[in-house]
Amino acid sequence: MGDWPFFFGLALLIGGVISVGGAVLNLDIFMESPKAEPFVERFGRTGARVFYIILGIFIAIVGAAIVSQ
């Protein structure tokens, strides 16, 4: 099947860590991006940070599970 599942899982793991890091550190470049704007408008900045932390943890767990197989 090749190495692509490992690299896909690694990409998910890194993406999840970046998502959590950007939300925890409250980075403007992360929270003011056009893709984050709907969440910030709907939930407020703090709510969007919580959403991105939960999403990032989930993505990182999925990535770690794929990498460990």
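The values are calculated or read from the model by the stated rules, or taken from the named source; none is laboratory data. These figures come from a predicted structure and were not determined experimentally. Note: ideal-geometry Cβ built from the backbone for every residue, glycine included; neighbour counts use all protein chains shown.
Quick check: anything in the range 1-23 in contact (Cβ under 8 Å) with a residue 24 or more places away in the chain and either among the basic types (K, R) or out of contact with any Gly (no Cβ under 9 Å at 6 or more places or on another chain) (or both)?
yes
Which residues, counting only those in the range 18-64, are among the polar types (S, T, N, Q) and within 22 Å of F7 (Cα to Cα)? Show your work before the answer.
So in the range 18-64, the residues among the polar types (S, T, N, Q) come out as 19, 26, 33, 46.
Scanning the range 18-64 gives a single hit, S19.
In this structure, is G21 out of contact with any helix residue (DSSP H, G or I) (no Cβ under 7 Å at 6 or more places or on another chain) and at pLDDT 95 or above? Show your work before the answer.
Details: out of contact with any helix residue (DSSP H, G or I) (no Cβ under 7 Å at 6 or more places or on another chain): yes; at pLDDT 95 or above: yes.
Yes; evaluated as a whole, the condition is true for this residue.
Scanning for something free of Cβ contacts under 8 Å to residues at least 12 places away in the same chain and touching a Phe, Trp or Tyr at 6+ places or on another chain (Cβ under 8 Å), does the range 44-65 turn up at least one residue? Give the steps one after another, and end with the answer.
Of the range 44-65, the ones free of Cβ contacts under 8 Å to residues at least 12 places away in the same chain are 44, 46-47, 54.
Of the ones still in play, those that are also touching a Phe, Trp or Tyr at 6+ places or on another chain (Cβ under 8 Å) are 47.
Within the range 44-65, one or more residues are free of Cβ contacts under 8 Å to residues at least 12 places away in the same chain and touching a Phe, Trp or Tyr at 6+ places or on another chain (Cβ under 8 Å).
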